[in-house]
Each structure stands twice: as C-alpha cells, then as structure tokens.
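The values are calculated or read from the model by the stated rules, or taken from the named source; none is laboratory data. As the structure is a prediction and not an experimental result, all values here were calculated from the model. Neighbour counts run over all protein chains shown; Cβ positions are idealised from the backbone, glycine included. Remember, those area values only see protein heavy atoms, side chains included, never the ligands or the DNA or RNA. Shrake-Rupley method; radii C 1.70, N 1.55, O 1.52, S 1.80 Å.
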Amino acid sequence: MVEVFKTNISSQSKAEEVLRILNSKFPGYKVDFDLEDCDNILRVENENGTLKIDDIICCLLGKQVVVEVLLD
C-alpha cells in the first residue's frame, strides 16, 4: 500500500529529521520526500500490508509537522 501526504516541510534538514523519526517508528515502511513538488510530498509505502495513516499523522503532529492525505 502507498499513501501520499501533503506537508509543510520545506527544508532538507527537517525532511531528514522526519525521515529518521518515521523510519524508527515504522521500520517496515519505505519513506521519502519530494520537496520540489509544490505540496512538499511525503510518500509512505508498506509492501507487506496496510499503513497506519492515523499513527503517521499523530506522530508528526507532535513534531510540529502539518501532514494531510493528498487526495487523487
């Protein structure tokens, strides 16, 4: 499963911090950013099943990161 999020991340250093947090909390997920996109995309993939979308959002809200699911 893949989910794409719109974020308020605009710097590479903040993106790297968020990647470390998500990789630590969700080690089975593949996580990356596209900061060149106008929505500062966060892409999360779990090849082995579903994603804990609410857990991802809650985890990042505590780190002053605004994140919302990007609708098709």
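Assorted remarks:
- Within the range 1-43, the only residue that satisfies the criterion of being part of a loop (DSSP other than H, G, I, E, B), among the aliphatic types (A, V, I, L, M) and under 17 Å from LEU61 (Cβ atoms) is ILE9.
- Any pair with Cβ under 7 angstrom, 6 or more apart, that starts in the range 1-20 at a residue that is closer than 20 Å to GLU45 by Cβ and ends at one that is among the charged types (D, E, K, R) and open to solvent by less than 70 Å² (accessible area, probe 1.4 Å): VAL2/GLU45; LYS6/ASP39
- When the range 44-72 is filtered for residues that are within 18 Å of LYS14 (Cβ to Cβ) and either open to solvent by less than 50 Å² (accessible area, probe 1.4 Å) or assigned to a loop (DSSP other than H, G, I, E, B) (or both), the ones remaining, listed by number, are VAL44, ILE56, ILE57, CYS59, LEU60, GLY62, LYS63, GLN64, VAL65, VAL66, VAL67.
- All positions within the range 42-70 that are β-branched (Val, Ile, Thr) and under 11 Å from GLU3 (Cβ atoms): VAL44, THR50, ILE53, ILE56, ILE57, VAL67, VAL69
- For the range 32-43, the candidate set comprises residues that are over 17 Å from ARG20 (Cβ atoms) and over 11 Å from the mean Cα position of the chain (by Cα); within that set, the residue that is most open to solvent (accessible area, probe 1.4 Å) is GLU36.
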